[in-house]
Number of protein chains: 2
Amino acid sequence: VIVTVGDELLQGDRLDTNARWLARGLHDASFRVVEILSVGDDEAEIARALDEASRLAAGGVVVTTGGLGPTLDDRTREATARFLSVELDEDPELLASLAARFRSRGHPDLPPLNRRLAKVPRGGRILPNARGSAPGLEFMLVEDPVTLLFLLPGVPSEMEALFHGPVLESLDRRLPRRLDRPFAVVVRTTGIAESALAAELERSLPGGLDVNLQYRPSVEGVELRFSATGVGADSRLDRALEAVEPVLAPWRYGGAEATLEAATLDACRRLGWTLATAESCTGGMIGSRLTGVPGCSDVYQGSVTAYANRAKETLLGVPESLLAAEGAVSEGVVRAMARGALEALGATISVAVTGVAGPGGGSEDRPVGTVWFAVAGGGMPVEAERASFPGDRDEIRRRATQHALRMVWKRAVARSRDG
Amino acid sequence: VIVTVGDELLQGDRLDTNARWLARGLHDASFRVVEILSVGDDEAEIARALDEASRLAAGGVVVTTGGLGPTLDDRTREATARFLSVELDEDPELLASLAARFRSRGHPDLPPLNRRLAKVPRGGRILPNARGSAPGLEFMLVEDPVTLLFLLPGVPSEMEALFHGPVLESLDRRLPRRLDRPFAVVVRTTGIAESALAAELERSLPGGLDVNLQYRPSVEGVELRFSATGVGADSRLDRALEAVEPVLAPWRYGGAEATLEAATLDACRRLGWTLATAESCTGGMIGSRLTGVPGCSDVYQGSVTAYANRAKETLLGVPESLLAAEGAVSEGVVRAMARGALEALGATISVAVTGVAGPGGGSEDRPVGTVWFAVAGGGMPVEAERASFPGDRDEIRRRATQHALRMVWKRAVARSRDG
């Protein structure tokens, strides 16, 4: 059972992305999530939700997120003490480490509000939080059957790090016999629509294997989860994957943790290639994804975001006459941008993007969603593609970013295959 | 109380956007949402959730969404019949209108599965659904105090139309005396920590106003929500906002829907300024945020993402000798980058960023999290700042992006004030 805490959820001010993240994390760790409860920043209501959740989760686990910060509307600690009918003690070690943390940032004294972070409902085990000042807490609610409660902070990066670290470690130790842990393989694909992929997969999956297949489509592509449980699950899963291999091969860039930007950088790195980008409507999103990968600097050289035409001319050498004749969103301009980026940044391969992300700026010839792409370098001729994307400004830009990365990835993979 | 139904929610396959939409809708209709419950497509679990929800919502309303479709995993009708201990009757009028709907689409016979859509738990009032085949249903759970239950389909457009139509109409008729609608004002701030802001606000808020203050911190800043209910709520809220005005003024960039990138672009636009960026560790994130704002092109010219040193030299004119002497993450280099961006992109004002985002690349002098910033142009001397950010690579980059936008915003706001 997952409990998320925050008035902003009940007032509809924020989407509950933490609930979804925890649901997937617990699901992937072979738990069946039976309920998600969201409550406001109210001590009595949080305590009541903990009571309800712990009854539903008997023999399992309750994970809460939110309400552990320093301000007075953070009430999860107090609510837990109330629910468990225990005292709220100040932990001297935790207090010392909080004070040290603040000193290292140039605050000689711990602010009085932050002192609240050292309060622990009696019986709680402290889960240190390397990314923030509020630690997580763990409680054994019932010894037999083991029923656990974890309190996690609401800041996503802190919650995720604690979940992947001490929470999963404790769950694996204390609740080792869960549902038959399904054998599951996740495959990430890009460049093919969910319905087209589904049609091909259903055709090639042999009957009688009892392998479950889930589709998780997004703007970035379709994630597939093949899973099987019971006798011979692993070999049935292997046979299913073998059967669909020819269908998946052209679209698959990796497994559960893969990102297309990391796959692209890896493919370039293996060839000794360096990469440059030239962005217009994506405005830096391609570079932002590539530089999100640690250690990208041996491959990625940089980008020219040429939002204004002047920048396309001066930094990428796109001729003014070409811009005037064909317009900024055109095959000629995107090819010139890709060549210009290659030269300006001294890279082996480059990709360029220019398009109409909307909501304004569309025309009959070039409606909103029209995007031109070009790749240059890597010992192959410049190649251009035109796409028409659905959705709003954000979605068009995200689809364009994925498309641009895919063009580089495909060129590098093709070059590796050809030797 | 809101109940959302669907296995995909519990497995983390889908964000619960319906819950958020209903929460906002009920909040805006002056209801206090006390809990959101999400359960899977299981009859017993839905029935249990309805039981729990109806107890919590005594004297109010329960709204469910999902599980009303024709397929066999749609169980909300059956679960409601079980929870109410009533029969599930086939409604002849509903059946006739379903058959007519299918005939008008070229299906002479109603498919057997779709016949399920005509089942109604005894006592339910049918809420016709103009956009789909599954109607909504309304039940009076308790007569005194009036407690209502609405079942709505999970397709967002159908749910929304039914909520705005027959649901709100019935609520206004049957539950007219709701909580006093709260007066609320949202303020977004950046550049000050939650605890520091809280300490200053608690000091300056006069006692006795009975104004509630919520803090919503994120990497981008702290969002504040001031609210008051009851007699004289609006004037008490005004007095509170007046009292905290001097505290908020330096940090506030807007209200509920504001983003710092839009505020920055607006501030530049009012001065007739154009803006350029030079990014290194942020790799395009600043440009990506700015270009996310429709109509940014009159202000934003573009960016040079100079990830490699070579790009810093050739595109931004940073002297090789300076890079060798001071290193890429240094005051000298960031100042040269800002000046170079100003010139290369022909803008009025520029901001440059270079830092160590980690996890590798840190040193004793420049540990991970060290980031240098500079703003140039706008008729003021070049100004540099050094920051040390906590968190992982992603968080450091997001904090650096926010800091860079803030520097431009502050310079533009300062220039506007000085005339």
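Sorted from greatest to least, the principal axis extents spanned by the alpha carbons of segment B:11-62 come out as 31, 25, 11 Å. Each 10 Å bin, from zero up to the one with the longest distance, holds this percent of the alpha carbon pairs of segment B:176-289: 12, 36, 29, 16, 6, 1. Farthest towards the positive end of the charge dipole of the protein assembly as shown, among the residues A:L271, A:T282, A:T190, is the Cα of A:L271, using unit charges on the Cβ of Lys, Arg, Asp and Glu. Between segment B:5-67 and segment B:126-145, the C-alpha centres lie 15 angstrom from each other. Binning at 5 Å from 0, report for segment B:49-95 what percent of all alpha-carbon pair distances ends up in each bin. In whole percents, the pair-distance histogram is 5, 18, 22, 26, 18, 8, 3.
Computed over every Cα-Cα pair of segment B:98-183 and binned at 5 Å starting from 0, the pair-distance distribution P(r) comes out as 3, 12, 20, 19, 18, 12, 7, 4, 3, 2, 0 percent. Placing a label point 7 Å from the Cα of B:P111 along the Cα-to-Cβ direction, the distances to the matching points in the other copies come to 5.8 nm, shortest first.
Centre-to-centre separation between the Cα atoms of segment B:236-268 and those of segment B:192-209: 15 Å. As a size descriptor, the averaged projected area of the C-alpha convex hull of segment B:197-254 was calculated at 4.1 nm². Calculated over segment A:75-223, the projected area of the Cα convex hull averaged across directions stands at 13.7 nm². Count the net charge of all other residues whose Cβ sits under 12 Å from the Cβ of A:P128, scoring Lys and Arg as +1 and Asp and Glu as -1. After counting each charged neighbour, the total is -1.
Based on the reciprocal of the average 1/r between different C-alpha atoms, the Kirkwood radius for segment B:376-417 equals 11.6 Å.
Quickly estimate the mean residue ellipticity at 222 nm for chain B, helices only: each DSSP H run with n ≥ 4 gives -39500 (n - 2.57), and the total goes over all residues, rounded to 500.
Here the helix-only value at 222 nm equals -12000 deg cm²/dmol.
Working from the Cα coordinates of chain A, the gyration tensor eigenvalues give, after taking √(5λ), semi-axes of 47, 29, 19 Å in decreasing order. Kirkwood-type hydrodynamic radius, the protein assembly as shown: 29.4 Å, calculated from all non-identical alpha-carbon pairs. Put simply, segment A:1-136 fits an ellipsoid with semi-axes of 27, 16, 15 Å; these come from the alpha carbon gyration tensor as the roots of five times its eigenvalues, largest first. Ignoring any ligand, DNA or RNA, what whole percent of the accessible area of segment A:29-138 comes from carbon and sulfur when the probe is 1.4 angstrom? That share works out to 51 percent. Expressed as a whole percent, the proportion of Cα-Cα pairs in segment A:336-419 lying more than 14 Å apart is 63%. Each pair of Cα atoms in segment A:221-266 enters the Kirkwood radius, and Stokes-Einstein at 20 °C and 1.002 mPa s then converts it into a translational diffusion coefficient of 175 µm²/s. Between copies, the label points at B:E245 (set 7 angstrom from Cα along Cα-to-Cβ) are spaced 7.3 nm, reported in nanometres from shortest to longest. Taking only the Cα atoms of segment B:220-344, the ratio Rg/Rh comes out at 1.16, with Rh defined as the Kirkwood radius. Per residue of A:19-26, other chain Cβ atoms within 10 Å of the residue Cβ number 5 on average.
Taking Cβ atoms as reference points and 12 Å as the exclusive limit, the residues near B:R14 contribute a net charge of -2, counting Lys and Arg as +1 and Asp and Glu as -1.
Give me a single rounded figure for B:342-349: the average over its residues of other chain Cβ atoms within 10 Å of their Cβ. Display every interim value, and only then the final one.
On the way: counts 0, 1, 5, 9, 4, 3, 0, 0.
Counting Cβ atoms of other protein chains within 10 Å of each residue's Cβ and averaging gives 3.
Here the extension length gained between B:A243 and B:E257 equals 2.7 nm, from 0.36 nm per residue of separation less the Cα-Cα distance. For the pair A and B, the buried accessible area comes to roughly 5700 Å² in total, with a 1.4 Å probe and the value rounded to the nearest 100. Quotient of the Cα radius of gyration of segment A:265-419 and 2.2 N^0.38 Å, N being its number of residues: 0.98. In the calculated pair-distance distribution of segment B:137-201, the portion above 13 angstrom amounts to 75 percent of the Cα-Cα pairs.
In plain terms, the C-alpha convex hull of segment A:34-113 casts an average shadow of 6.5 nm² when viewed from every direction.
The mean sequence separation of alpha-carbon pairs under 8 Å and at least six residues apart, normalised by the residue count of chain B, gives a relative contact order of 10 percent. How big, in percent, is the set of alpha carbon pairs in segment B:110-159 lying more than 12 Å apart? Cα-Cα pairs of segment B:110-159 separated by over 12 Å account for 67 percent.
Our summary gives segment A:1-118 a relative contact order of 26 percent, counting only alpha carbon pairs under 8 angstrom and 6 or more residues apart. The Kirkwood radius of segment B:243-311, taken over pairs of alpha-carbon atoms, gives through the Stokes-Einstein law at 20 °C and 1.002 mPa s a diffusion coefficient of 157 µm² s⁻¹.
Within 10 Å of the Cβ of each residue in B:195-203, the mean number of Cβ atoms contributed by other protein chains is 4. For A:R122 and A:R173, the FRET efficiency from 1/(1 + (r/R0)^6), where r spans their Cβ atoms and R0 equals 30 Å, is about 0.85.
Apply the a/c threshold of 1.5 to the C-alpha gyration tensor of segment A:290-343 and tell me whether it is rounded, prolate or oblate. Taking the square roots of the gyration eigenvalues as a ≥ b ≥ c, segment A:290-343 is prolate. When you count the other C-beta atoms within 10 angstrom of each residue and take the mean per peptide, A:192-199, A:402-409, B:238-245 line up highest first as A:402-409, B:238-245, A:192-199. Measuring nothing but how far apart in sequence close Cα pairs (under 8 Å, 6+ apart) lie, relative to its length, segment B:48-110 scores a relative contact order of 18 percent.
The values are calculated or read from the model by the stated rules, or taken from the named source; none is laboratory data. All values derive from a computational prediction rather than experimental measurement. Reconstructed Cβ throughout: ideal geometry from the backbone, glycine too, with neighbour counts over all protein chains shown. Heads up: the accessible areas ignore ligands, DNA and RNA and are worked out on the full protein's heavy atoms, side chains in. Shrake-Rupley method; radii C 1.70, N 1.55, O 1.52, S 1.80 Å.
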